[in-house]
Amino acid sequence: MNGKNRKRIQTAILALLVAAATVRFAPAAPLPQAFSPRGQAGAQSVPLARDAGENRAWAGKVAPELLAAAAGSSGNLDFLISFRTREAAPLSAASPGAPARLQWIAETGDGIERDYRPSGVRILQRYSHLATVYAAAPASALALLAADPRVEGIAVNHRVHKLDVAGRGVMNVGAIQPPYSGTGIGIAILDTGVDYTHPELAPLGTKTIALYDAFRTTSDPNYAKDDEGHGTEVAGIAAAIGVNPSAIGVAPAATILSVKILDSNGSGNDSQILGGINAILASIAGGNPYNIRVANFSLGGYDSSASGSDAVPSQPCDDPTVWPLVDAFQQLLNANVVSSVSAGNGGCTNGVAWPACISTSLAVGAVYSSSISGQYDFPDAQQCNGSSGCSQFVTGAGQVACYSDSGTKLDVWAPSHCTIVPLLGGGYESCLGGTSASAPYASGVVALLSQAQPSASGAAIREAVRGSGQPVTDTRNDITRNLVLADQALNQLACTAPDVPGNVASNVSSVCSGAQLVLSWGAVAAATSYTVQVATDPSFGSPSSYATSSTNLNYSSTQTSPATLYLLVRSNTSCGTSSGWSQAVQVSYTPACPVSYGRTYYVSGVARTPGFPPAYWYTDLTVLTAGAASASLRLTFYGSRFPTPVTLTLGPYQQITWTDVLDTLFGITKDKGMIAVESTQQVLALSRTYSQVTDATTVKTYGQAYVGTEASQGLAFNQVGYLGSLRSDGQYRTNLELLNASQVSAGVEVRFFSNAGTQIGTLTVVVPPQRWVQKTLALPSGYASAFAEVRTLAAGASIVSYATVVDGSSTDPTGIALWIP
C-alpha cells in the first residue's frame with residue numbers, strides 16, 4: 001500500500017474512531033496499577049499523540065487495512081498487538097530464553113489483557129517467546145490500545161497460502177557432500193505438516209520431530225502430520241533420506257521439525273505462523289535439542305487491500321504496524337536461525353511477496369534446473385501476471401522462471417522445476433515447481449553450512465549464501481542476484497578475516513563545510529575492499545559508511561553544527577569476511593569556511609620521481625592572476641600521499657612559480673600525481689614537467705607544459721576524445737595520463753588505432769574520484785604513428801587525459817592534450 005492511500009484511509013476514519021473510543025465505554029473502577037489505560041474511568045478523551053516525548057499519532061500505530069475494516073464494523077475484529085520493544089531494548093535483543101525477556105513478555109501481556117478487558121478486549125493467543133499477542137476487540141477499542149505506550153503497533157492477522165527441481169546438481173551440492181550431509185542439524189518446516197510415515201521422512205521421533213500444530217492438541221496421534229501434501233514435498237527437497245536416490249534431499253541426514261501452521265487447504269495466518277515461530281524459539285531456549293539452524297517458509301501473500309502489482313508489499317516490509325512477523329524473524333536470527341522464504345509465485349517484478357520482503361529473511365526466487373527445456377505454460381492466475389498466468393520457452397538451467405517474484409529485496413535464486421519429491425501417503429511427485437521448491441533447496445544448503453561451520457552465526461551463514469554463487473540477471477527488471485552454490489557459500493563462510501588496517505591518518509586536523517579531508521591507511525594483504533565509517537560521536541551510534549577499493553578516501557561534510565568527526569576503517573575480502581575496526585581518527589569540523597573557492601583547476605603529471613634511466617622527473621608550477629582582484633588559493637596534492645593543503649593569496653596581475661613544486665611547496669621527496677588549484681578568481685594554472693638530464697652543466701630537456709583544466713572542460717559520460725600523433729617505436733614510448741575531476745569513480749576505455757584506422761589495442765582503466773592514474777608504455781610497441789580514442793564510462797564523471805611521447809635517448813617529453821570534438 002502506498003503512502004498516499006495510507007494517509008487517505010487514516011484521515012477518513014480518524015474522527016470516527018476517536019469519537020467511538022471516548023463515548024462507548026461505561027466507567028469502571030480505577031485500577032491500582034501505576035499505569036491507567038485510556039479505557040478506564042476518568043479518561044475524558046483519547047489523546048492523539050503518544051506519551052514520553054513521542055510525536056507519532058496513535059493512528060500511525062494501526063495498520064491502514066485494519067483502520068479501514070474498523071470504520072465499517074460494528075462487531076469485533078481480530079488483530080495482532082506487538083509490544084513496544086524500544087523501551088526495553090536490552091530485553092528485545094536478549095536471547096530467546098532469557099528469563100528477564102520472558103518475564104517482560106508475560107507481564108506486558110498480562111497488563112494489556114487486564115487493563116482492557118472492561119473495554120471488550122480479549123487475548124486469543126499468547127506467545128511465550130515473542131513480544132506479540134493475538135487479540136479480538138470491538139473496533140472502537142483500537143484507539144485505546146494504540147494510544148497505550150506499551151503498544152508498538154496493531155497489525156492485520158494476514159492470511160497466507162502455500163506457494164504452488166534436479167536442483168542438487170545446479171547448486172554444486174556434490175562438491176561438499178560428502179562430508180557434509182546435515183548431520184546434527186534441525187530444519188524447521190513451517191507448512192501443512194510433514195508425512196512422517198513416508199519412508200523418505202520416517203521415522204517419527206528421530207528423522208522427523210512433531211514440534212508444533214496450530215490445529216491439533218499434542219494428544220492427537222496425527223499431531224503435526226501433513227493433511228494436504230505441500231509440507232511433505234517441501235521437507236523432501238530439504239532433507240529426504242534418499243530411499244529413492246532420485247529424490248534425495250539437499251541435507252539427507254538433517255532432522256526435520258514439522259511445524260504445522262497451514263490447514264488442510266494450505267492456508268494460514270499471522271497468528272498461526274507466530275505460534276510456530278514461538279515453538280521453535282521455545283525449543284531453542286529449552287536447550288535446542290534438535291539444533292535448529294534454519295526455518296523454511298514456502299508460503300506467502302500480498303496486500304489484500306490492493307490488486308495486481310500494487311499489492312506487492314513495500315520493499316523491505318519492516319513496519320511492525322503492518323507486518324507483525326518482523327520482530328519474530330529478528331528473534332529467529334538472534335537465535336542463529338536463518339529464515340528461508342519463498343519469494344512468491346505472482347510473476348511480480350517490483351518486489352517479493354510477504355514475508356519474504358522482511359529484511360532479515362533469506363528471500364529465494366526460482367530458476368529452472370537442467371532437467372527441462374522447451375515451451376512451458378503456467379496457466380494458473382498470478383498476482384501480477386493476471387488470470388492467464390505466464391508461459392516461456394525454457395532454454396536451460398539458471399533461467400529465471402516467469403512466475404517467480406523478483407525485486408530489490410530478493411536475496412538469491414535457487415532451483416525450482418523439476419525435482420522428484422515424496423508425496424503424502426507414499427510414492428513420489430515427478431515434477432514439483434514454484435518458489436515453494438526453491439526455498440527448501442536454500443534451506444538444505446544452510447543446513448550443510450551449519451554442519452560444516454557449527455560456530456558460525458545465523459547472520460554469517462545468511463550472508464555467505466547471499467554473497468556467493470553464480471550471478472543471474474532477471475531480464476524482466478535487470479535485477480541480478482546469485483544462484484546458490486553450496487561450495488562457494490562454504491568457501492566464503494570458512495575464509496579468514498583480514499588484518500585491521502594500520503597507519504590510519506587524516507591529511508588535516510580540522511576541516512570546514514564542503515572542504516575535503518583525505519583519510520588514508522596502509523594496504524592489507526588479501527583485502528579487496530575497505531569500509532570507512534564516519535560519525536560525530538565516539539560510540540559510532542549512527543555512522544555513515546563508505547566503500548572503496550583504494551587505501552584512501554575523500555570525505556567532506558556540510559552539516560550546520562560544529563562537531564568532532566570520528567573516522568575509522570576496516571578491510572574486507574572477496575569471500576565476505578571483514579577485519580575489526582581500526583582506531584578512530586579525530587578531525588575538528590566547523591561549518592564556517594573562511595574562504596569560498598569558486599574555481600578548481602586540475603594540473604596533471606606532477607612528479608618528483610625516477611623514470612626509465614637516466615630520467616628523473618620534476619615539475620615546476622606557475623599560477624597567474626590576470627584580473628584586478630586578488631585571488632585566494634588553496635593547492636592540494638593527490639598522489640600516494642596527501643600532505644596538508646597550502647593556502648595563500650596572490651595579488652592582481654601577479655604570477656608565482658614553485659620550482660620542483662612537490663619538494664618546495666609540499667615537502668615531498670618522491671611521488672607523482674596531480675595538483676588541484678582552488679581559487680576565488682579565474683587564474684591560469686600551468687606546470688612544466690621535465691627530466692633533469694644534463695650534459696656537463698646544460699639541462700638537455702625543457703619538458704612539457706600542462707594547463708590546469710576545470711571539471712567542465714573534461715570528458716563527460718559517453719563522450720569521446722582523441723589523442724593524436726602517438727609513437728612507440730625505436731627509442732620512443734607513449735605514456736597515458738587520466739585525471740578524474742569528479743566525485744564518482746570512473747571507468748575509462750582507451751582504444752588505440754593505426755593511421756589507417758585499424759584497431760591495435762584496448763585499455764580499460766578505473767580512475768577513483770579526485771585521483772590521477774598513469775599508464776606507462778600504454779601504446780603497444782612497433783608503431784611509428786598512431787592515435788587513441790578515449791571514452792568515459794561513468795555517469796557524472798569528468799576525465800582529463802594527456803599522452804606523453806618520450807624520446808628515450810634524450811628523455812625529452814612531448815605532451816599531447818586530449819581533443820574533444
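Among the residues of the stretch 294-320 satisfying the criterion of being surrounded by 23 or more Cβ atoms within 10 Å (Cβ to Cβ) and of a type in the set (Ser, Thr, Tyr), which is farthest from ILE187 (Cα to Cα)?
Across the stretch 294-320, the extreme among qualifying residues is TYR302.
What's the number of the condition THR636 fails, among (1) touching a Leu at 6+ places or on another chain (Cβ under 9 Å); (2) crowded, with 19+ Cβ neighbours inside 10 Å?
Single failed check for THR636: (1).
Which one of the conditions (1) on the phi > 0 side of the Ramachandran plot; (2) not in a loop (DSSP other than H, G, I, E, B) does GLY425 fail to meet, given that it meets all the rest?
Unmet for GLY425, out of (1) on the phi > 0 side of the Ramachandran plot; (2) not in a loop (DSSP other than H, G, I, E, B): (2).
Is it the case that THR408 is under 19 Å from GLY458 (Cα atoms), of a type in the set (Val, Ile, Thr) and open to solvent by 20 Å² or more (accessible area, probe 1.4 Å)? Give the derivation first.
On the way: under 19 Å from GLY458 (Cα atoms): no; of a type in the set (Val, Ile, Thr): yes; open to solvent by 20 Å² or more (accessible area, probe 1.4 Å): yes.
No, not satisfied.
If you check SER785, SER809, SER754, SER801, which single one turns out to be open to solvent by less than 10 Å² (accessible area, probe 1.4 Å) and of a type outside the set (A, V, I, L, M)? Outline the logic, then answer.
On the way: SER785 fails: open to solvent by less than 10 Å² (accessible area, probe 1.4 Å); SER809 fails: open to solvent by less than 10 Å² (accessible area, probe 1.4 Å); SER754 fails: open to solvent by less than 10 Å² (accessible area, probe 1.4 Å).
When all the criteria are applied, what remains is SER801.
When you scan the stretch 364-401, how many residues do you find that are on the phi < 0 side of the Ramachandran plot, open to solvent by less than 20 Å² (accessible area, probe 1.4 Å) and not in a strand (DSSP E or B)?
Adding up the residues that qualify gives 4.
Condition check: farther than 29 Å from SER550 by Cα and either surrounded by fewer than 19 Cβ atoms within 10 Å (Cβ to Cβ) or aromatic (Phe, Trp, Tyr) (or both). Does PRO610 satisfy that?
Values: farther than 29 Å from SER550 by Cα: no; either surrounded by fewer than 19 Cβ atoms within 10 Å (Cβ to Cβ) or aromatic (Phe, Trp, Tyr) (or both): yes.
Here the answer is no, as PRO610 does not meet what is asked.
Are there any helices (runs of 4 or more DSSP H) wholly within the stretch 35-141 with 2 or more residues that are at pLDDT below 70 and not hydroxyl-bearing (Ser, Thr, Tyr), and if so which?
Of the helices (runs of 4 or more DSSP H) lying wholly inside the stretch 35-141, those with at least 2 residues that are at pLDDT below 70 and not hydroxyl-bearing (Ser, Thr, Tyr) span 89-93.
For the stretch 557-586, which residues satisfy the criterion of being within 25 Å of the chain's Cα centre (by Cα) and of a type in the set (Gly, Ala, Ser)?
SER557, SER571, SER574, GLY576, SER578, SER579, GLY580, SER582, ALA584
Could you please let me know if LEU567 is open to solvent by less than 30 Å² (accessible area, probe 1.4 Å), more than 30 Å from TYR616 (Cα to Cα), out of contact with any Asp or Glu (no Cβ under 6 Å at 6 or more places or on another chain) and not charged (D, E, K, R)? Break it down stepwise before answering.
Numbers: open to solvent by less than 30 Å² (accessible area, probe 1.4 Å): yes; more than 30 Å from TYR616 (Cα to Cα): yes; out of contact with any Asp or Glu (no Cβ under 6 Å at 6 or more places or on another chain): yes; not charged (D, E, K, R): yes.
Here the answer is yes, as LEU567 does meet what is asked.
Within the stretch 330-355, restricting attention to residues that are open to solvent by 10 Å² or more (accessible area, probe 1.4 Å) and polar (S, T, N, Q), which residue is nearest to SER387 (Cα to Cα)?
ASN345
Just the residues that are among the aliphatic types (A, V, I, L, M), open to solvent by 30 Å² or more (accessible area, probe 1.4 Å), over 30 Å from SER181 (Cβ atoms) and in a loop (DSSP other than H, G, I, E, B), please, taken from the stretch 487-515.
VAL500, VAL504
Do we have any residue at all in the stretch 514-535 that's within 24 Å of the chain's Cα centre (by Cα) and farther than 24 Å from ARG570 by Cα?
For the stretch 514-535, residues within 24 Å of the chain's Cα centre (by Cα) and farther than 24 Å from ARG570 by Cα: absent.
Considering every residue within the stretch 216-225, establish whether at least one is farther than 21 Å from LEU274 by Cα and either open to solvent by less than 30 Å² (accessible area, probe 1.4 Å) or of a type in the set (Lys, Arg) (or both).
no
Search the stretch 450-483 for residues being within 17 Å of the chain's Cα centre (by Cα) and assigned to a loop (DSSP other than H, G, I, E, B), and hand back the single one that is farthest from ALA254 (Cα to Cα).
The extreme case among them is ASP478.
Can you tell me how many residues in the stretch 257-271 are of a type in the set (S, T, N, Q) and at pLDDT 95 or above?
Initially, the stretch 257-271 is screened for residues of a type in the set (S, T, N, Q), giving 258, 264-265, 267, 269, 271.
In the following step, the residues that additionally are at pLDDT 95 or above were identified as 258.
Total satisfying the criteria: 1.
Give the residue, chosen from VAL294, VAL367, VAL337, VAL326, that is farther than 28 Å from THR475 by Cα and modelled with pLDDT under 95. Give the steps one after another, and end with the answer.
Values: VAL294 fails: modelled with pLDDT under 95; VAL367 fails: farther than 28 Å from THR475 by Cα; VAL337 fails: modelled with pLDDT under 95.
Every option except VAL326 fails the conditions.
Being of a type in the set (A, V, I, L, M) and open to solvent by 20 Å² or more (accessible area, probe 1.4 Å) is the filter; apply it to the stretch 570-607 and report the residue that is farthest from LEU818 (Cα to Cα).
Narrowing the stretch 570-607 to residues of a type in the set (A, V, I, L, M): 584-585, 587, 592, 595, 603, 606-607.
Within this subset, residues satisfying the condition of being open to solvent by 20 Å² or more (accessible area, probe 1.4 Å) are 584-585, 592, 595.
Details: ALA584: 42, VAL585: 40, ALA592: 38, VAL595: 32 Å.
Checking each candidate, the answer is ALA584.
Kindly list the number of the only condition in (1) in contact with a strand residue (DSSP E or B) (Cβ under 6 Å, 6 or more places away or on another chain); (2) part of a loop (DSSP other than H, G, I, E, B); (3) closer than 22 Å to ILE248 by Cβ; (4) not basic (Lys, Arg) that fails for TYR441.
(2)
Can you go through VAL720, VAL773 and tell me which one is under 15 Å from MET674 (Cβ atoms), open to solvent by 20 Å² or more (accessible area, probe 1.4 Å) and out of contact with any Ser or Thr (no Cβ under 7 Å at 6 or more places or on another chain)? Write out each step before concluding.
On the way: VAL720 fails: under 15 Å from MET674 (Cβ atoms).
Just a single option satisfies the conditions, and that option is VAL773.
Considering each of VAL484, VAL518, VAL472 in turn, give the residue that is under 30 Å from GLU678 (Cα atoms), at pLDDT below 95 and surrounded by 15 or more Cβ atoms within 10 Å (Cβ to Cβ).
Numbers: VAL484 fails: under 30 Å from GLU678 (Cα atoms); VAL472 fails: under 30 Å from GLU678 (Cα atoms).
It is VAL518.
Can you tell me which residue in the stretch 521-558 is surrounded by the fewest Cβ atoms within 10 Å (Cβ to Cβ), limited to those that are part of a loop (DSSP other than H, G, I, E, B), hydrophobic (A, V, I, L, M, F, W, C) and modelled with pLDDT of 90 or more? Spell out how you get there, then give the answer.
Taking the stretch 521-558 first, the residues part of a loop (DSSP other than H, G, I, E, B) are 521-528, 536-543, 549-551, 556-558.
Now narrow it down to the ones that are hydrophobic (A, V, I, L, M, F, W, C): 521, 523-527, 540.
Subset that is modelled with pLDDT of 90 or more: 521, 523-524, 527.
Values: TRP521: 23, ALA523: 12, VAL524: 20, ALA527: 20.
That would be ALA523.
Picking from ALA676, ALA685, which residue would you name as being open to solvent by less than 70 Å² (accessible area, probe 1.4 Å), modelled with pLDDT of 95 or more, farther than 16 Å from ALA817 by Cα and in a strand (DSSP E or B)? Explain how you work it out, then say what you get.
Values: ALA685 fails: farther than 16 Å from ALA817 by Cα.
Among ALA676, ALA685, only ALA676 is open to solvent by less than 70 Å² (accessible area, probe 1.4 Å), modelled with pLDDT of 95 or more, farther than 16 Å from ALA817 by Cα and in a strand (DSSP E or B).
Name the residues in the stretch 116-156 that are of a type in the set (A, V, I, L, M) and open to solvent by 10 Å² or more (accessible area, probe 1.4 Å), would you? Give the derivation first.
Here is the first cut: in the stretch 116-156, the ones of a type in the set (A, V, I, L, M) are 121, 123-124, 130-131, 133, 135-137, 139, 141-147, 151, 154-156.
The answer is ILE123, LEU124, VAL156.
Residues that are under 25 Å from TRP323 (Cβ atoms) and either out of contact with any Leu (no Cβ under 8 Å at 6 or more places or on another chain) or open to solvent by 40 Å² or more (accessible area, probe 1.4 Å) (or both): does the stretch 239-255 have at least one? Please lay out each step first, then the result.
Step one: list which residues in the stretch 239-255 are under 25 Å from TRP323 (Cβ atoms), which gives none.
Looking through the stretch 239-255, none of the residues is under 25 Å from TRP323 (Cβ atoms) and either out of contact with any Leu (no Cβ under 8 Å at 6 or more places or on another chain) or open to solvent by 40 Å² or more (accessible area, probe 1.4 Å) (or both).
Check whether at least one residue in the stretch 707-716 is of a type outside the set (S, T, N, Q) and at pLDDT below 85, and report yes or no.
Of all residues in the stretch 707-716, those of a type outside the set (S, T, N, Q) come to 707-708, 710-711, 714-716.
Then drop every residue that is not at pLDDT below 85, which leaves none.
No, there is no match, as no residue in the stretch 707-716 is of a type outside the set (S, T, N, Q) and at pLDDT below 85.
The values are calculated or read from the model by the stated rules, or taken from the named source; none is laboratory data. In this text, all values refer to a predicted model and were calculated from it rather than measured experimentally. No Cβ is skipped: glycine too gets one built from the backbone with ideal geometry, and neighbour counts run over all protein chains shown. For accessibility, only protein heavy atoms count, side chains too; no ligands or nucleic acids. Shrake-Rupley method; radii C 1.70, N 1.55, O 1.52, S 1.80 Å.
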